[in-house]
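Take a look at the structure set out below.
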Amino acid sequence: MTLLIDLVLLAMLALTALRIIFLKDLFAVVMLFGIYSFLSALIFVNLDAVDVAFTEAAVGAGISTVLMLGTLALTGRNERECERSSLLPLLVVCVTGAVLIYGTLDMPPFGHADNPVHEHVAPRYIQDSPQEVGLPNMVTSVLASYRGFDTLGETVVVFSALIGVLALLGVRREDNSLTPESGLKSHLVLHVVAKLIIPMIILFALYVQFHGDFGPGGGFQAGVIAAAAFILYALVFGLPSAFSVVSPKFLQVMASLGVLLYASVGLYSMAKGGQFLDYNKLAANPIDGQHYGIIIIELGVGITVFAVMLSIFYAFSSQVARLNIR
Amino acid sequence: MLFLDIVSGILLIAGVFFGLSGAMGLFRFPDFYTRVHAASVTDSVAAILILGGLLLQTSFDLNTAKLLFILAFLLITSPTASHALAKSARHGGLLTLAESKHSKAGQAE
């Protein structure tokens, strides 16, 4: 049964990818990218990787779609015709693809019990993490504790994405009187429903943030979900009122504070006599120390991801607003 | 338990039927508004029936509560999404099938 579901999902994934290649309408392409992300999330669920599926659904299908739509509003909806011959690019793509396929020939067979991944690291985590870290959700143990340094790197990557976007675009605060009348102003149903569900989304984000130790979730997903709540607010009530709720300046401070919070946990554990990000030293009992450390660094990740996603959305949509005024 | 299983089976099958008919409508209906109507059937009725069927399959624990939350969320959001879609099409000046026929007839005269 699982195999059948996998086959159907993979076939749909391949069809979506092919359709994306041949479509010229970029709006439809963005929508198909969302579908692609949801399909891969379903495949991850089928592989029992719920944390990854959650991230894929929240980031891939949720936030990226919104950000790509924001980009489309700036650049235009249709793909430009390419005048040059496409033979050389085709050749490059074919050769690269062939090399990649040749590379997969050496990979161990899929799902085989003797694969290297099942022999060294995974059994170690599965056997020892309940004693060493003591979290029911082992994915969080691996992500936040064993691989805490990698996760710090990922958080910094997210943060530097924000720096890049702000350096290129910047968030512009326009005079409120200049902002054109949005069609949504008269949209009573959307206003009521948005007011109803935004608190629920934020509550869910907090649940995902602090329940990540026990179930699927964590800082990345929670940050994205919380950002989605504010993006919904900005879309329905207009960018100026969103700016007055959460100002871009505040978000920039938050984004750097999250990374700082994460890194300072590492420095604090060094001050306590451990290594960088050695949570065992955070409390008298090593297990308690692990729990404190993981909760704090997940909070840092959540704050940074939330602030970065919302800032990038602000940057894009304030440019769109400026374009509309012209 | 057998009774619940039968009821949940009926609900699931009905949900699948409405989902399929919504998909058929999305492909076969002639214009945007009728298609939105078909798609919103999938969003609302089919999702409610399938979730209802799944609710009866749980052992009335935390999973039931989670499914109820999803149900409540879908009940609020999916009609709103359909409404917003149709309204923004209207706002953008898209005519319904009857109206566009009418305006074409007017132009011909």
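Relative contact order of chain A, please, whole-number percent, based on alpha carbon pairs below 8 angstrom and at least 6 residues apart.
Numbers: 383 pairs, mean separation 68.3, N = 326.
Relative contact order comes out at 21 percent.
At a 1.4 Å probe radius, carbon and sulfur cover how many percent of the accessible area of chain A? All intermediate terms of the calculation are to be shown ahead of the outcome.
Values: 13050 of 18580 Å².
With neighbouring chains kept in place, the figure for chain A is 70 percent.
Looking at the P(r) of the range A:123-164, how many percent of alpha-carbon pairs lie beyond 12 Å? List each step's numbers first, then the result.
Details: 520 of 861 pairs.
The share of Cα pairs beyond 12 Å in the range A:123-164 comes to 60 percent.
As I understand it, the dipole of the protein assembly as shown uses +1 on the Cβ of Lys and Arg and -1 on the Cβ of Asp and Glu, about the Cα centre. Which of A:217, A:277, A:49 lies farthest toward its positive end?
Most positive-ward Cα: A:217.
Taking only protein heavy atoms into account and a 1.4 Å probe, give the accessible area per residue of the protein assembly as shown in Å².
Details: 25790 Å² over 435 residues.
I get 59 Å² per residue for the protein assembly as shown.
For the range A:134-326, just list the percent of Cα-Cα distances falling in each 5 Å bin from zero outward, please.
1, 8, 15, 17, 16, 13, 10, 8, 5, 3, 2, 1, 0
For each pair in A:24/B:87; A:195/B:66; A:195/B:87; A:195/B:101, compute the distance between the two Cα atoms and list the pairs where it is over 29 Å. Intermediate results must be reported in sequence, preceding the final value.
Numbers: A:24/B:87 26 Å; A:195/B:66 22 Å; A:195/B:87 19 Å; A:195/B:101 39 Å.
Over 29 Å Cα-Cα: A:195/B:101.
I'd like the projected area of the range B:2-108, averaged over all directions, using the convex hull of its alpha carbons. Report it in nm² with one decimal.
That works out to 7.9 nm².
Counting only other chains, and only Cβ atoms inside 10 Å, what mean value do you get across the residues of A:191-201?
Shielding by partners across A:191-201 averages 2.
What chymotrypsin sites (Phe, Trp or Tyr not before Pro) in the range A:181-258 are in a loop by DSSP, with at most 14 other Cβ atoms within 10 Å of the Cβ? Write down the numbers at each step before the final one.
Values: sites: A:204, A:207, A:210, A:214, A:220, A:230, A:233, A:237, A:243, A:250; in loops: A:214.
Qualifying residues, ordered by number: A:214.
Just tell me, in residue order, which DSSP H segments of chain A are both 24 angstrom or longer along the helix axis (alpha-carbon based) and at least 0.0 in mean Kyte-Doolittle hydropathy. Don't jump to the answer; show the numbers that get you there.
Working: long enough: A:2-22 (30 Å, 2.32); A:26-46 (30 Å, 2.22); A:87-105 (27 Å, 2.28); A:148-168 (30 Å, 1.68); A:188-211 (34 Å, 2.01); A:219-237 (27 Å, 2.03); A:248-271 (34 Å, 1.20); A:286-325 (58 Å, 1.15).
Long hydrophobic helices here: A:2-22, A:26-46, A:87-105, A:148-168, A:188-211, A:219-237, A:248-271, A:286-325.
How large, in percent, is the carbon and sulfur part of the accessible surface of chain B at a probe radius of 1.4 Å? Present the calculation step by step, with values, prior to reporting the outcome.
Working: 5360 of 7200 Å².
Answer for chain B: carbon and sulfur cover 74 percent of the accessible area.
Which whole-number percent gives the relative contact order of the range A:1-80, counting Cα pairs below 8 Å spaced six or more residues apart? All intermediate terms of the calculation are to be shown ahead of the outcome.
On the way: 67 pairs, mean separation 28.1, N = 80.
Result for the range A:1-80 is 35 percent.
With the contact rule set at Cα under 8 Å and sequence spacing of 6 or more, what percent relative contact order holds for the range A:134-326? Walk me through the numbers on the way to the answer.
Values: 267 pairs, mean separation 63.4, N = 193.
33 percent.
Roughly how compact is the range A:1-80, stated as its Cα Rg over 2.2 N^0.38 Å to two decimals?
Details: Rg = 13.8 Å, N = 80, 2.2 N^0.38 = 11.6 Å.
Normalised Cα radius of gyration, the range A:1-80: 1.19.
Rounding to the nearest 10 and keeping the result within 0 to 90°, find how far the Cα-based axis of helix B:47-57 lies from the longest principal axis of chain B.
Approximately 10 degrees, to the nearest ten.
Using only helices, what value at 222 nm comes out for the protein assembly as shown when you add -39,500 (n - 2.57) per DSSP H run of length 4 or more and divide by the total residues, to the nearest 500 deg cm²/dmol? Mind dumping the intermediate values first?
Values: 17 runs with 316 residues, N = 435.
Result for the protein assembly as shown: -24500 deg cm²/dmol, rounded to the nearest 500.
Which value, in square angstrom to the nearest 100, describes the accessible area buried between chains A and B on both sides, using a 1.4 angstrom probe?
Values: alone 18960 and 7590 Å², together 25790 Å².
Summed over both sides, the interface buries about 800 Å².
Compute the accessible area of each residue in the range B:28-77 twice, once for its chain alone and once with every protein chain present, using a 1.4 Å probe on heavy atoms, and list those whose area falls by at least 10 Å².
Listed in order, they are B:66, B:73, B:76, B:77.
Where in the range B:85-106 does accessible area fall by at least 10 Å² between the isolated chain and the complete protein assembly, at a 1.4 Å probe radius?
Residues passing the criterion (a loss of at least 10 Å², heavy atoms only) are B:87, B:91.
The values are calculated or read from the model by the stated rules, or taken from the named source; none is laboratory data. The shown structure was predicted, so the numbers you read here are calculated from the model rather than taken from an experiment. A quick note on method: Cβ atoms are made from the backbone with ideal geometry, for glycine too, and the neighbour counts reach across all protein chains shown. Keep in mind that these areas ignore ligands, DNA and RNA; they rest on the heavy atoms of the full protein, side chains included. Shrake-Rupley method; radii C 1.70, N 1.55, O 1.52, S 1.80 Å.
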